[in-house]
1. Let me check the size of the chain from its C-alpha atoms; what are the radius of gyration and Dmax in Å?
2. List the trypsin sites (Lys or Arg not before Pro) within segment 34-116 that fall in a DSSP loop (any state other than H, G, I, E or B) and whose Cβ has at most 11 other Cβ atoms within 10 Å.
3. Using 0.36 nm times the number of residues separating Glu46 and Lys86, minus their current alpha carbon distance, what extension gain do you get?
4. Would you work out what percent of the accessible area of the chain, with all protein chains in place, is carbon or sulfur (probe 1.4 Å)?
5. Percent relative contact order of the chain, based on C-alpha pairs within less than 8 angstrom and at least six residues apart?
6. With a 1.4 Å probe and all protein chains left in place, how much accessible area per residue does segment 11-108 have, in Å²?
7. How much length is gained if the chain between Gln3 and Asp61 is pulled fully straight, taking 0.36 nm per residue apart and subtracting their Cα-Cα distance, in nm to one decimal?
8. Give a residue-ordered list of calculated ³J(HN,Hα) values for segment 55-62 (Karplus: 6.51 cos²θ - 1.76 cosθ + 1.60, θ = phi - 60°; whole Hz; x for Gly, Pro).
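The values are calculated or read from the model by the stated rules, or taken from the named source; none is laboratory data. Every value quoted in this text rests on a predicted model; they were computed, and no experiment measured them. Using ideal geometry, Cβ is built from the backbone for each residue, glycine included, and neighbour counts are taken over all protein chains shown. To get the accessible areas, we keep the full protein, side chains included, count just its heavy atoms, and leave off ligands, DNA and RNA. Shrake-Rupley method; radii C 1.70, N 1.55, O 1.52, S 1.80 Å.
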Amino acid sequence: QVQLVESGGGLVQAGGSLRLSCAASGSTFSINAMSWYRQAPGKQRELVAVIARVGSTNYADSVKGRFTISRDNAWNTVYLQMNSLKPEDTAVYYCNAQPYAGASVWGQGTQVTVSS
């Protein structure tokens, strides 16, 4: 089983930057891909960025060119570097681990608030 703990959220002004971290523990060898999702009040949870074990990445159109997902080589921590933040980026950000088999695992979420 994999456990995830997010950190790095907070309050930032528009145009600023934040870096989120997701620390993975447990059976990290079983992880095929890790992702960041976000959920704003009254909206559905949406995929922000994903990184596969082989290193390939993909981003939501709304964050392309502003956000970067990365991981350490041991697959213990995944990061989301967020630049040029906008008020519409305000949401709870969740880390997700997708194993090769079985259900995905979610972290508890971290709040990101961007003031205008």
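1. Taking only Cα atoms of the chain, I get Rg and Dmax of 13.5, 42 Å.
2. For trypsin sites (Lys or Arg not before Pro) across segment 34-116 that sit outside H, G, I, E and B with at most 11 neighbouring Cβ atoms in 10 Å, the list reads Lys43, Lys64.
3. Full-extension gain reported as 12.8 nm.
4. About 49 percent, which is the carbon plus sulfur part of the accessible surface.
5. 37
6. Accessible area per residue: 51 Å².
7. Roughly 18.0 nm would be gained on extension.
8. Per-residue couplings from phi come out as x, 5, 10, 8, 9, 5, 4, 5 Hz.
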